[in-house]
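The values are calculated or read from the model by the stated rules, or taken from the named source; none is laboratory data. All of these numbers come straight from a predicted model, not from anything done at the bench. Virtual Cβ from ideal backbone geometry, glycine too; neighbours counted across all protein chains shown.
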Amino acid sequence: MAGLFKKIFQRLSRDKVDWDEIEESLILGDIGLPMTTLIIERMRDLGRSLNPEDAITICREEILKIIPPSPPELCPLPESTKVILVVGVNGTGKTTSAAKLANYLKQLNYSVMLAAADTFRAAAVEQLQVWADRIDVPLIRGSNNADPSSVCFEAQTAALEAGCDFLICDTAGRIHTRHNLMEELKKIRRTLGKRDPAAPHEIFLVVDATTGSNALAQARQFNEATELSGLIVTKLDGSGKGGVIVSIAHEMAIPTRFIGIGEKTEDLKSFCPEHFVQHIL
Ligand SMILES: Nc1nc2c(ncn2[C@@H]2O[C@H](COP(=O)(O)OP(=O)(O)OP(=O)(O)O)[C@@H](O)[C@H]2O)c(=O)[nH]1
Ligand SMILES: [Mg+2]
């Protein structure tokens with residue numbers, strides 16, 4: 001992304017600004033059409049006096065206006081377990097992010113439990129068990145092909161009994177356009193609500209930054225099925241630009257809560273809008 005903007009600013013320093021070319025570059029950077037249009041309009045308003053510094057400032061300001069302010073850091077409930085449901089399409093980094101998030105919260109001295117509610121893929125429970133052992137967090141697992149809702153319910157019961165601050169439920173990858181899979185997600189949500197009507201307290205959609213604007217379609221479908229409270233954007237250490245965060249925020253006001261920047265335990269960071277705009281510009 002940094003390269004992309006450098007190119008734009010090189011163009012801006014020329015005598016004549018090629019707006020079409022700039023617009024195309026922004027769209028290719030996953031920023032999204034509404035945001036691109038806003039930026040271009042603002043730049044056009046400034047007309048001939050525009051210099052590269054103005055352009056950077058305007059781009060950053062416009063992006064920050066669209067990204068919702070960061071919600072407060074995750075904190076436990078006074079008398080219950082805060083349940084976090086981790087959802088998303090296949091392979092985006094749900095299991096890894098669930099484990100990293102458990103570790104993140106544990107480092108803050110909170111008690112955490114994990115639930116292996118991906119009962120669909122045979123190796124999924126084992127994968128989470130390896131993580132749970134590594135970060136030393138208890139894992140509640142059901143039998144193979146068990147109903148994911150019942151695993152979540154059992155895990156919630158165990159977490160409440162143990163007085164755990166947080167329960168993080170890893171779920172199976174599901175294609176956002178498959179009706180029955182989205183219905184299963186609604187069932188998990190309803191089941192968790194039986195013991196505590198406010199549960200799940202957070203539903204995080206995990207999106208892979210390398211899939212570009214496809215993440216917008218995923219966010220739409222998942223948000224429709226089950227109201228999302230945040231995004232975890234993974235693989236930002238790769239070629240992904242992360243610009244889709246802006247389109248998702250613009251359309252659905254879903255804040256990005258965490259970013260994944262690698263495969264190791266500590267490679268999960270709280271999302272900071274200011275760092276984000278400085279990173280892309
Ligand atoms: N580079 C990088 N790799 C990541 C990141 N997050 C996850 N991965 C890798 O992405 C791959 C898939 O991660 P998983 O956590 O298994 O993804 P998942 O969404 O649980 O996959 P399914 O359960 O099959 O849907 C693994 O190889 C992870 O190590 C990240 O932030 N950066
Ligand atoms: Mg998984």
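Scan the stretch 103-126 and tell me whether some residue there is touching a residue at least 12 places away in the same chain (Cβ under 8 Å), of a type in the set (A, V, I, L, M, F, W, C), over 13 Å from I84 (Cα atoms) and away from ligand 2 (no atom under 16 Å from the Cβ).
To start, the set of residues in the stretch 103-126 that are touching a residue at least 12 places away in the same chain (Cβ under 8 Å) comprises 103-106, 110-122, 124-125.
If we keep only those that are of a type in the set (A, V, I, L, M, F, W, C) as well, we get 105, 112-117, 120, 122, 124-125.
After this cut, where a residue has to be over 13 Å from I84 (Cα atoms) as well, the list is 120, 122, 124-125.
Retained after the next criterion (residues that are away from ligand 2 (no atom under 16 Å from the Cβ)): none.
Taking every residue of the stretch 103-126 in turn, none turns out to be touching a residue at least 12 places away in the same chain (Cβ under 8 Å), of a type in the set (A, V, I, L, M, F, W, C), over 13 Å from I84 (Cα atoms) and away from ligand 2 (no atom under 16 Å from the Cβ).
Close contacts from the stretch 168-192, counting a first residue that is assigned to a helix (DSSP H, G or I) and a second that is of a type in the set (K, R), with Cβ to Cβ under 8 Å and a gap of 6+ residues or different chains, come to L181/R174; M182/R174; E184/R174; L185/R174.
For L77, the requirement of being aliphatic (A, V, I, L, M) and modelled with pLDDT of 75 or more is met. The residue that is farthest from ligand 2 (Cβ to nearest atom), among those in the stretch 225-256 that are out of contact with any helix residue (DSSP H, G or I) (no Cβ under 8 Å at 6 or more places or on another chain) and under 21 Å from H176 (Cα atoms), is A253. Could you check the stretch 149-206 and list, in sequence order, the residues that are of a type in the set (S, T, Y) and modelled with pLDDT of 95 or more? Passing the criteria: S149, S150, T157, T171, T191.
Filtering the stretch 149-197 to residues that are within 16 Å of ligand 2 (Cβ to nearest atom) and hydrophobic (A, V, I, L, M, F, W, C) leaves V151, C152, A155, I168, C169, A172, I175, L181, L185, I188. Restricting the first member to the stretch 258-281 and to residues that are more than 16 Å from D237 (Cβ to Cβ), and the second to residues that are aliphatic (A, V, I, L, M) and surrounded by fewer than 16 Cβ atoms within 10 Å (Cβ to Cβ), the beta-carbon pairs closer than 7 Å and six or more apart or on different chains are P273/L64; V277/L64. Here G142 meets each of (1) more than 15 Å from ligand 1 (Cβ to nearest atom); (2) at pLDDT below 95; (3) out of contact with any Ser or Thr (no Cβ under 8 Å at 6 or more places or on another chain) with one exception, condition (3).
Within the stretch 266-281, the only residue that satisfies the criterion of being closer than 18 Å to T92 by Cβ and either in a helix (DSSP H, G or I) or more than 11 Å from ligand 1 (Cβ to nearest atom) (or both) is F271.
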